[in-house]
1. Which one of the conditions (1) at pLDDT below 80; (2) within 21 Å of Glu76 (Cβ to Cβ); (3) of a type in the set (Lys, Arg) does Arg141 fail to meet, given that it meets all the rest?
2. Could you tell me whether any residue of region 963-985 is surrounded by 14 or more Cβ atoms within 10 Å (Cβ to Cβ), at pLDDT 85 or above and in contact with a helix residue (DSSP H, G or I) (Cβ under 9 Å, 6 or more places away or on another chain)?
3. Which condition number in (1) assigned to a loop (DSSP other than H, G, I, E, B); (2) surrounded by 16 or more Cβ atoms within 10 Å (Cβ to Cβ) is the one that Gly409 fails?
4. Return yes when Val514 is assigned to a strand (DSSP E or B) and among the β-branched types (Val, Ile, Thr) and no when it is not.
5. Answer yes or no as to whether Leu435 is under 30 Å from Arg374 (Cβ atoms) and either of a type in the set (A, V, I, L, M, F, W, C) or in a loop (DSSP other than H, G, I, E, B) (or both).
6. Which of the residues spanning region 540-569 are in contact with a helix residue (DSSP H, G or I) (Cβ under 7 Å, 6 or more places away or on another chain) and touching a residue at least 40 places away in the same chain (Cβ under 8 Å)?
7. Being of a type in the set (A, V, I, L, M, F, W, C), within 51 Å of the chain's Cα centre (by Cα) and over 30 Å from Glu491 (Cα atoms) narrows it down to one residue among Leu579, Leu622, Leu603, Leu648; which is it?
8. Can you find a residue that is touching a Lys or Arg at 6+ places or on another chain (Cβ under 9 Å), within 22 Å of Gln41 (Cα to Cα) and among the aliphatic types (A, V, I, L, M) anywhere in region 232-242?
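The values are calculated or read from the model by the stated rules, or taken from the named source; none is laboratory data. Since the model is a prediction, treat every value here as computed from it, not as a measurement. Methodologically, a virtual Cβ is constructed for each residue, glycine included, from the backbone with ideal geometry; neighbour enumeration extends over all protein chains shown.
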Amino acid sequence: MKSFIPLSALIQRFFLRRLVAPLMAFAVFCCLLAVAWRIHQIYQAHYLFAKGMDHTLSFWMSQANQTLRHLAWVREDSPTVPPLLEAAATDFHRIVFAEIQNLDGPYPVDDERARRILGLPLSFFPDKHEWPTLSVPYFSRDHGALTVGILVRADRWAAFGELKLDLLYRLVSGFRRQDPGKLVVITDRYGNVIYHPDENYIRERENLAHEPLIRAALRHAQPMDLYGKLEGRWIFANSWRVDPWGWVIIVGQPLVPVIAPVIAATITVTAFILFVTALLAWRFRIGLEFAVVDPIRSFGRHMDSLAEGRADLLGQAVSGEPTFLELAQFQEQFRKMSEAVRIREQALRAQGQELDRVLESISDGVIVTDTDSRIRRMNAAAEGLTGCNRLQAVGKPMERIFLFAREDGQAALAEAVSRALSTGTASHLTHPIQLQGHDGDLFHLAVRVAPLRDGFGNVLGVVTVFSDITEQVESRKRLLKSEQKFRTLAEMSPVAVLLYQDDRWVYANPAAEVVCGFSREELTRQNFWDLVHPEFRALVRDRGRSRQQGLNVESSYEMKIITKTGEEKWCYLRGDTTLYDGRPAGIVAIMDITSLKEAQQALAESERKYREIMESMEEAYLEMDLRGTVTFYNPAFLRLLACSPEDLHHRTYHDFADVSIVRRMELFFRDVLRHGKTRSLQDFVIRDARGRQKIIEVSAGVRRNEDGSVSGVRMLARDVSEKVRAEEKSRSLEKMLIQAQKMESLGTLASGVAHEFNNLLQAMSGYLELALKATSPEDPRKKWLSRVHDATRKAGDLVKRLLAFARPSDPHLEPVQINRVIEDTLLILERSIPRMIEVTKDLDPEVPTLLADKLQLEQVIINLVANSRDAMPPEKPGTIRIRTERITGKDNTPWVQITLSDTGLGIPEEIQDRIFDPFFTTKEPGKGTGLGLSTVYGIIRRHGGTIHCRSFPGEGTTFTIRLPGRASLPKETHAAFPRDDDGLEAGSGDSPNTVLVVDDEEPLLDFIQTALELEDFRVMTATSGEEALEILRRSNGSIQWVLLDLNMPGMGGRQCLDEIRSRFPHIRILVASGYPVHTLAEQPEAFGVTAFLQKPYRFAELVAILKGS
């Protein structure tokens, strides 16, 4: 502890300081603190009263609503008006019932019926769409009091009640008697007065929403501290809203009566402190008393508070530094003592919280009541079992919780509680209490009652513990009914039924006496295995004892018994484990099968021979009755239908064939039955149990009864599916071969025509380029020539498409914008798509560039769009949608997804797996080759992509194509010439001197010679390979380029190319051809060729290659 100055030195220093100003400040501060504390007390009192009123009104209104709802449902089920409950008579002036006219309407009654039945207009119910609905308060002249109407709806009836507000008035009056200065006003959510100190406001049904204080309270749904004017007076008040009913409670007090005493006290205290301060300046004793005696007295007062358990006031006593040594020592001792008290209180508080958690965690309901049987506490389980809100139930009699229990249960519970309070003994109710929940379900509760004692053994109340045993009660009822049914059935059963426990028979029915010859009394004196034949006795004993132990053993078997007369009988036994008197027991049913055994032995030998014959047959043998149901069959028949015997139950041949085949079978069987003899072989198509189609060969004959009448048909059947399929496959392959030969011939013809057509287009295009160059830009004919030139280019593209269709080949890869390909292709197809079919596009501008063959992609779009068009009949046109989007592959590479969907007829599910097969088509002969989708599939696969089909009959088809995106072409596939449209102007710059042009087309030679000479080339021409070799031999190396056509008479272009490469290796060769020579075009260096041009080409491309050297 730190050192302090002596008391005498402290007193000496105290008198040297000025005391008047600090004491004045302290006096003012204390007065202000008193004012604040007084206001806080008033607000706290207002808050507690409003909260208590909220709890009381909520519980009261809820009970009133529940009572009305109960009466409305009782009226629903009763032809007469139900008698009023005691609670209804206590809480309501009157209750009336109204039948609902419009069940679908928002309100049960109209205004006329409301005035006639309820006695007030519907305008008194502002909240018509809320249930239950409350009226505004109104003054009832019949009862001479203010009331509020509640309307509650059931299904066809509504109940209306006028509340008695006596409870409300008594509560408010009691509060005002305790503090007459308080002002209490209660209104509904619209400001209509429910309670006011002035009864004239109540009688005149005043609305106080215009008052500023009331208006502020109505605006806020939460409790609020308010300050404002009410009836011309300044009021500070608290507001509280009673939900869900919307009533507002305002508790306030006028400002002047509160502030005036505080001001007077402030003046008085200030004058007193001034007086005391003046005396302290003159009198030493007064100062000593203030510095020493008063602190010691303060410690004494707080010591008393601590002894009373008010340790929370200790901090005020020890705050601040002590003024002298003795006081510091005393403060230190006081601090240690208070710390010990605080630790003890914390331990007690923790123990109480732990007890609270234990109480809330148990599954049984617990209710704690005082000596007046009023509820002090209930846990969550009790709230769940009774359905009562535990916050609202606190302070209410426990009888209210069990209001809907049966009267005998209520009486037994009240007697047990009374006994616990009077004698202090615990008790357990003999019979469970039956309690009806809010939803109408009936609960059975087991109740235990015990007294609650304090530390001295005095009874403070009662603890009631109850648990839900509804399931156990219902189980006992079901068990009793089950036992009664078992005894009735066992006594009437023709089969012997016996029950054994502890190795002794404990029950036997009359049939058991007949089977074994022993009476029931004789059986109960025997072990259960005594009557069993010795051959089976050990088996029966072991299994029976296992059943007595509750173990699972084989339930049924055959065995022999020895009757009372010594006769041996074969019996069929079926046993199981059950409970008897709460312990495991065995139960068996025994049937005498001695006669059956003898018959079985006689039939066994006959059946064995017949079975061997049937099972050894490869052909299916079966017998059918006149209804077509199979009555007998051999194993081969099951193998034929791929089914089990259970699959044939209640099934006929109608279930294994189509309708048309069934008609043929019926005619066949009728013919057999009519002629009464075996018919020759016939083929039928059936489906086995797995849905597989099979072709069977059938011969049939008549099956007769012993009296000679026809009873059905017997048949032999053989599976000939493989044989028929082989024949069909042979015919199909023959058709495919013929179709392939047709396509090959078409490809050969198309290639030849395309070559000649390309040569013509090349000449036309070339001369048009010369004409365009020779025409000035201002000449209008230049526009005409440009359009003709564009038409020749489109014709060249059309030839390429024909060649790609006639002779599919590897794709010629180049950068392709798929959106542009789709738009160009749709322009080509717009003439062939009927106008009734709508074509929509959703093209993503962010899709990556593809490295693909443009013509092949166009062919894909054409084939898919054509299929979608053909899938829409003229009487039901639809929509074709094409969508592109950018997607990401597994390795984060960009891909393009193309989705083409239609709203056509769709593809049947059974053929969707075959739509990409070559030559597979569902179109009529002559309208389809079956190669469209197979060609699409091949193109997509060659481009490294995938294609998927999703179709639903009657809804349409969707094809989804995914292709890998490419940033650019590989180096070796980049174009070596520009793509501008400036014609001959692209050939400016330095150029080689001499070019030899070899072609058998005179117009083409003339165009190339003229055009190249205009570009300052020296041009030589030849019309055959032989002539070209002769010119090269005489040129002495002056020729730098040879422009060579591959299709020429004589030695041909390919042989001429080989000769030039071997004899003149320094000359660069440019090959131009109208044939689709893709191998030469993609790898010209492998053939010794510098470059390749596909006819028709643009002259700018030719010049770019020649000058690019």
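1. (2)
2. Scanning region 963-985 turns up at least one residue that is surrounded by 14 or more Cβ atoms within 10 Å (Cβ to Cβ), at pLDDT 85 or above and in contact with a helix residue (DSSP H, G or I) (Cβ under 9 Å, 6 or more places away or on another chain).
3. Unmet condition: (1).
4. Judged against the criteria, Val514 is not a match.
5. Against the criterion (under 30 Å from Arg374 (Cβ atoms) and either of a type in the set (A, V, I, L, M, F, W, C) or in a loop (DSSP other than H, G, I, E, B) (or both)), Leu435 qualifies.
6. Of everything in region 540-569, those that are in contact with a helix residue (DSSP H, G or I) (Cβ under 7 Å, 6 or more places away or on another chain) and touching a residue at least 40 places away in the same chain (Cβ under 8 Å) turn out to be Ile561, Thr563, Lys564, Lys569.
7. Going through Leu579, Leu622, Leu603, Leu648 in turn, the sole match is Leu648.
8. The answer is yes; a qualifying residue exists.
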